[in-house]
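What follows draws every value from the coordinates through simple rules; no lab data is involved. No experiment lies behind these values; they were computed from the predicted model shown. In this analysis, Cβ positions are derived from the backbone assuming ideal geometry, glycine residues included, and neighbour counts consider all displayed protein chains.
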Amino acid sequence: MSATTGEGPEAPRSAEPNHGMRIFLIWLPIAVVADILLYFVYGPHMPPGTMSTSAASQQFDIKVMAVLAAPIMAFVLVYFGYAIVNWRHKEGDDTDGPPIYGHARIQATWITITAVIVLFLAGFGTYELAWPGFAGAGSGEGPAPIWRPSAGNPLQVQVIAQQWKFTYRYPQFGGFETSSLILPVGRPIQFNVTSIDVIHDFWAYQLGVKADANPGVNNVAYTTATHTGSVTVRCDELCGLWHGAMFDYGKVVSVAQFEAWARHTEVQLAATTKILPPYATSYDPTEIAQLSAAMKKAGITGAGGLYYPPNDPVQP
Ligand SMILES: [Cu+2]
């Protein structure tokens, strides 16, 4: 390596080009082009898409982070390539480069750039979570969220996880429980996520919603769907043998379609709803076995969304 500074034995400096400036001039156009391509060309296709307010804000966040990361990545690669080409071993040169002891400008530049990036991301990330339009950006905020949507009266959807399926309760429609996740477009939704056995995680990918499902805990996450369409729901916390099979598909539909579905299902499942535990923010798993016995006695073995304890004989 050529000497650029330090107190080591000085190499002849007169013949040395300005490597820093050369690297900068190679790096700059690559970084600019990479950022333009990432933000404007690839950006609109980045996960998780734009199906909801939270998904769109996550996509925007990922775009911003990609735009910040690409120039750093480009710099590492350009520096690497430049070093390989210019500072490789030369024929007949058996010496090692002079050691470098400190370089105030490089150190100050390094500390400044990394500090600015990290502090910016901390502020940016906090703002993205707190802004009412995103309201927690689709993440589980615990039982008492501090970031809520500014629009009032969200649709309440309770997500109940168990080995190995999700069911959904709609407390504003008599508290029926179903295995179908149907949501209206354009209305703020409050997911109340819980579990009745082990730990799970409710991940509605296209909605950009992800919240841990823990027994005895109500974990609240907000979003507003902005497009109709299909939603993939996966369990995202290893929860036992069939964790990988714990997924289903929800649907975002028009407000009129949702209202019609919810009213119809409320009536259709009325008999089942009557023997469910009253709607609560979490449920005692030990009561589930008793409930299952009651359902068996009532001859209810499959229709609608039901509580099934593990290994229960009525489980289909
Ligand atoms: Cu699970």
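Relative contact order of the chain: 16 percent, from C-alpha pairs under 8 Å at least 6 residues apart in sequence.
Considering only ALA260, ALA271, ALA108, the Gaussian network model of the chain with Cα springs below 10 Å gives its largest mean-square fluctuation to ALA108. Ordering VAL157, VAL217 from the fewest to the most neighbouring beta carbons within 10 Å gives VAL217, VAL157.
The residues TYR82, TYR42, when put in order of fewest to most other Cβ atoms within 10 Å, stand as TYR42, TYR82. Take the Cα of TYR42, step 7 Å along the line toward its Cβ, and report every residue of the stretch 20-34 whose backbone nitrogen sits under 16 Å from that point. Label zone hits: 30-34.
Our coupling estimate for the stretch 272-283, obtained by passing each phi through the Karplus curve with A = 6.51, B = -1.76, C = 1.60 and θ = phi - 60°, is 5, 4, 4, 9, 6, x, x, 4, 8, 6, 7, 10 Hz, Gly and Pro reported as x. Straightening the chain between ILE113 and ALA83 buys 8.6 nm, computed as 0.36 nm per residue apart minus the Cα-Cα spacing. Counting lysine pairs in the chain whose alpha carbons fall under 28 angstrom apart, excluding pairs fewer than 8 residues apart on the same chain, gives 11. Pairs of alpha carbons in the chain separated by more than 30 Å make up 50% of all such pairs. Normalised by the number of residues in the stretch 204-273, the average gap of Cα pairs under 8 Å and 6 or more apart makes the relative contact order 26 percent. Ranked by the mean number of other Cβ atoms within 10 Å of their residues, highest first, the peptides 115-124, 25-34, 218-227, 203-212 come out as 203-212, 218-227, 25-34, 115-124.
Converting phi to 3J(HN,Hα) with the Karplus coefficients 6.51, -1.76 and 1.60 and the offset θ = phi - 60°, the stretch 160-168 yields 10, 9, 7, 5, 9, 7, 10, 10, 10 Hz in sequence order, with x at every glycine or proline. Distance from the C-alpha centroid of the stretch 61-92 to that of the stretch 218-246: 38 Å, rounded to the whole angstrom. Highest mobility in the GNM of the chain, judged by mean-square fluctuation with C-alpha springs under 10 Å and restricted to VAL231, VAL76, VAL159, is found for VAL76.
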